[in-house]
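In what follows, a single structure is set out as structure tokens and then discussed.
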Amino acid sequence: MRFPTRCGVAWGHNGDTPGYVVYALSSRDGARQAVLFLNEDAESLPQGTGRVFIDTLTRAYCTTRR
């Protein structure tokens, strides 16, 4: 799926298996990648957790170290 971020478009995949939430993102050239895995069922998360999850994933994807 196409995933817009503040540092450009990411391409990725999500996975919702009972008890887990996971997103994997990569730039087209593979220079940026991030995977965020949460050991919890998506339906049982407190309201607002989804926004924190996506913000954390985006921060990890867009942060670079030199």
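A few notes on this one:
- Note on the chain: helix-only mean residue ellipticity at 222 nm, from DSSP H runs of 4+ residues weighted -39500 (n - 2.57) and normalised by residue number, equals -7000 deg cm²/dmol.
- Neighbours of Tyr20, meaning other residues whose beta-carbon lies under 9 angstrom from its beta-carbon, give a summed charge of -3 when Lys and Arg score +1 and Asp and Glu score -1.
- Once both labels are positioned 7 Å from their Cα atoms along Cα-to-Cβ, the gap between Gln47 and Ala31 label points is 4.1 nm.
- Other residues whose C-beta falls under 15 angstrom from the C-beta of Thr49 contribute a net charge of -4, scoring Lys and Arg +1 and Asp and Glu -1.
- 0 to 90° range, to nearest 10: angle between helix 49-62 axis and the chain longest Cα axis: 20
- Farthest positive-ward along segment 2-62 dipole, Cα basis, beta-carbon charges - from Pro4, Gln47, Thr17: Pro4
- Cβ-placed point charges (K, R +1; D, E -1), dipole of the chain about Cα centre in debye, nearest 20: 560
Here, each number is a calculation from the coordinates, and none is a lab measurement. Bear in mind that the values here come from a model prediction, so they are computed numbers and not experimental data. As a convention, Cβ positions derive from the backbone with ideal geometry for all residues, glycine included, and neighbour counts pool all protein chains shown.
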